Each structure stands twice: as C-alpha cells, then as structure tokens.
Amino acid sequence: MFQADFEGLINKTPYISSIRFHLYNWMNGFSLLVASLGLLGNGVVLWLLGFHIRRTPFSVYIFNLAGADALFLCCSFLDSFMSLVTCFASIIHTVIIYLQYMSYTTGMSLLAAISTERCLSALFPIWYRCHRPKHTSAAVCAGLWALAGLIEVTEFVTWKYLVPHRFCDFFIIYFLWFLLLTCVLCVSSLTLLLRVQCSSQRRRPPRLYLLVLLTVLVFLLCGLPWGVRIFIYNRFGIELIPDSLHQPLACVNSSVNPFIYFFVGKRGHKRREPLRLVLQRALGEEQEVGGGMRDIPHSNTQETSS
C-alpha cells in the first residue's frame, strides 16, 4: 500500500508543479496590474503634494512615503516582468532587488515615524505644538532614506566581498531594526486607536488619525508578510509564505495608500471634488481645544517644513 501511495505521489508531482508554475505566472501578472495602478495613484499624490498643496509637517511624511511606495512598486513591476520574460542580466536584477529592499525599509520606517508623531500629538498636544522643531519632518525623512540606503549598501558589500559570518552578524542587526519598527508601529497605533476611541465619545475623531490607523492596518496585513518572508528565507532558506503570495500582497499594500488618502478626505456623498481638495482635507492638521479634537484646514497651517 505504501509503495502504491508513493508511486501515486510521484505521478502527481508533474501535475502539482504545473499548477504551481501557472499560479506563479498568474500572480506575477496580478502583481504587474496592481503595481501599475499603484504607480498611477502614488504618482498623483506626489504630483499634488509636490506642486499644488502647501507643505506641512505631515504632508512631508506622506510625500516621502508615496515616493517609497512608488519606488517599491516600480521595482516590483520590473521584478515580476523579469520573472515572466527572462532575458535580463543578473546584475540588473540584483540592483532591482536591493532597491526594492531599500524602499521597503524606508516605507516601514516612515510609517513608524508617522504613527509615533501622531501618537505624541494626541497624548501631549501642547508640548508637541510648542516644542517640536520646525524642520523635524524633513530631517527625519532625509535620515531614514540615508539609513535605508546605508543598510542596503552595507548588506551588499558584506554579502559580496566579506566572509559569511560577517553577513550573519549584519543580518541580525537588520532583523533587530525590523523588529523594533514592528513594535513601534504596533504600540503607537494601539495607543492612537485608544485615543481615538476616547475622543469619539465626545465628537468625531480627526481624519488624520483615521488615515494613519488605516494605513498601518493595511501594512500589518499586507506589507509585513513580505518583510517576514524575506528575512526568514534569506536566513534559513524556509519559505514561510509562498513566493506567489507575498509579492502581490506587498504590491497591494503600496498601492492602496493613495486610495486611503482620498477615501478619508472624501466628504460624504457630495458631488465630485478636485483631488487636490480631497487630499488637502485628508491631510489637515489637528489640534486639541478644551479636551476635544478638531480639524484645522490645511491652508491655515502656520508651520511648514521644507
């Protein structure tokens, strides 16, 4: 009986491999479609924030997050395309992969910074308004981009030219950074959620807080599995998440953010509004007055960051 079952499994192996092959190709095609839509959405956000909306501390973060998402989607698009059409040099694929890692790390770091700042502004509004340095957003974004680039360059040099055990040491440092960002995201988002729940009993919570919570939730569901899979596979060679699944999920995570911005900024069932006004409303600054929270129009924000 055992021999018959074993022979049956052997006979089914080509069929199973064929299913996996077709599923992989279908999911690559899905990733191409989602990445294309995401590039369009993030491109609109970058265009509006870069040329049509006045800069504020929070809009600087969103501008850089949209840039990181766009870079990740561009790399994902090229990676999926190269998987379907294998006619590119390996060095090009290596560059794309490391750019993809860098954009993912930057996006996750920016999301942690955004969530932390919103948490601080909710818990300590007076201190946040009075003592926050003017160019904090620009400095933090520049630092996170530089840090992500330094991490990936160091990882490549360590992997390519140094002995393997040094690469393992670097991998542990990278994993600890990833773990720290995940903890910061979870703690700050949970704190912000509790703050929103308390304030919603008195009045409607600010749009900006809902935007942050939705963006973090989507990342934890769709973006985090990509990072977990990459770390576990690179370190232990174990595919905890199927290769045909983690890439489409990551593309969904980076593509859905612009739609979250416009969904949060939409005002009821009113007629069509310019996307600039919708995005401007979604990114409006908040302050607390008399224990409650209200939205301040984006155009009236006094603090700018360049």
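Bear in mind that the values in this text are calculations on the coordinates, not laboratory data. This is a predicted model, so every value here is computed, not measured. As a convention, Cβ positions derive from the backbone with ideal geometry for all residues, glycine included, and neighbour counts pool all protein chains shown.
Quick notes on this structure:
- Near Ile53, no amide H atom lies under 5 Å from its own; only residues 5 or more places off or on other chains count, and H is placed 1.01 Å from N.
- Ordering of 115-128, 56-69 by packing [mean C-beta count within 10 Å, highest first]: 56-69, 115-128
- Ranked Ser254, Ser36, criterion: other C-beta atoms within 10 Å, fewest first: Ser36, Ser254
- Using a Förster distance of 41 Å, the FRET efficiency for Phe171-Leu277 (Cβ separation, nearest 0.05): 0.35
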